[in-house]
Structures are given as C-alpha cells and as structure tokens.
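The values are calculated or read from the model by the stated rules, or taken from the named source; none is laboratory data. Values in this document were obtained by computation on a predicted structure and should not be read as measured data. Neighbour counts are summed over all protein chains in view; Cβ atoms, including those assigned to glycine, are modelled from backbone coordinates with ideal geometry. For the accessible areas, the whole protein counts, side chains as well, though only heavy atoms, and no ligand, DNA or RNA atoms are used. Shrake-Rupley method; radii C 1.70, N 1.55, O 1.52, S 1.80 Å.
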Amino acid sequence: EFFDGRVVWNNTFYTMEYEDLQVRETSGLNIFTANADATINGYETQLRWDIGAGLALNASYAYTDATFDNYVLPSSDYTGNRLTRTPENKVILSPSYTLGLGASGDVEFAVDYQYESDIWDDASNAGAEYREPTHFVDARAVYTSGNGDWSFSLWGKNLTDEVTRTHQATFIGATFASFNAPPTYGVTLRWNY
C-alpha cells in the first residue's frame, strides 16, 4: 500500500506442476481421455488507485506460460505444446468516476476493458482450434441511494460487438462451436434488505 492506502499493488509469482493431467481428445468417432504432465508458470499483478476527485482505476495483468512437459499419444506427440483454453496474456482496465450527491447518494460511471491473447481449444495447437485475441468493452452507470439500501444501474456489455468462440470441438471432421453474446444492454435494480 502507498500514499495512505490510495494505491494498492498486489503481485504474485507462481508455478504449478501437474502429473497425470487428464486431457480429452477426439479422434474420428472416438473420444478418449489421456494423461499428460504439464507445468504452468505465471505472474499476476493488480493495481487499485484512488486518484482523487471521484476518479479511480483498477488494472490487472496476468502472464501464463502453460505447456505440456510430456504428452505422447499413439499417433501424435504434443510435448511442448500450450495447454488448451489458456491465454498467455490477459489485461483488464477499469477506470471509474463517482459523482457524489451528498445525502442523496452517488452516481458511478465505469468502463471495463478486457484483452485476452490467442488460445487453442485443442492440445494439437493446430488447425481450426485456434482463437484470435479478443478485446471486450463493457460500461455502466450506477446510482446508489444515500443510505445504501438500493441502487439502479444502466449497463451495456460487449459494446464493440466482439465475436469469438466460447467453446469449440471437432468431431468426425466437423467443427462445432458456440459464440459469445452480441452487444447487450439492460437495467438492474438492487435492494438490500
């Protein structure tokens, strides 16, 4: 913590070693689970900064190096490949501004930006199982009553109309996928009792 707690900065370095990690694979009509060894090394940092005059910033970054140490199948050797659905880099930025209304409460305006680098849906790290990096932007305006008993918010998600797969699998030569939601807007009323 710095500047009387107005800045909080957390950092984590970690390493994890997996033995006999179960990984699902599809080959033609067959779906089977095989065991692999893997190592995940990473660094995560998170910053919360109360800038002042109602302005604040939350920011985080995560780096993940996740690879198979030993993953050999009868027909393929995936040793050294990246683990599935694991982005190497992830960034989140959330600036906000809070307008104080005295005893009447306050209104917070906030934007959330999230970036994830490319990922693989399959341990082969090849073909159509690849996902491009993504950039998502959400925003909200939240009014909170003076006594904190209730709040009302207007919000929007995926404002830049980013399109990406949320899951993908190949079976019998065909690729099946589901996608994220399109731009979505709404209102939320919360009551604390």
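Remarks
- Accessible surface, region 76-127, averaged per residue in Å² (probe 1.4 Å): 49 Å²
- Among 64-75, 92-103, the order from most to least packed when residues are scored by Cβ within 10 Å on average: 64-75, 92-103
- Normalised per residue, the accessible area of region 142-193 is 70 Å², obtained with a 1.4 Å probe and no contribution from ligands, DNA or RNA.
- Sulfur and carbon atoms: percent of accessible area, the chain [1.4 Å]: 56 percent
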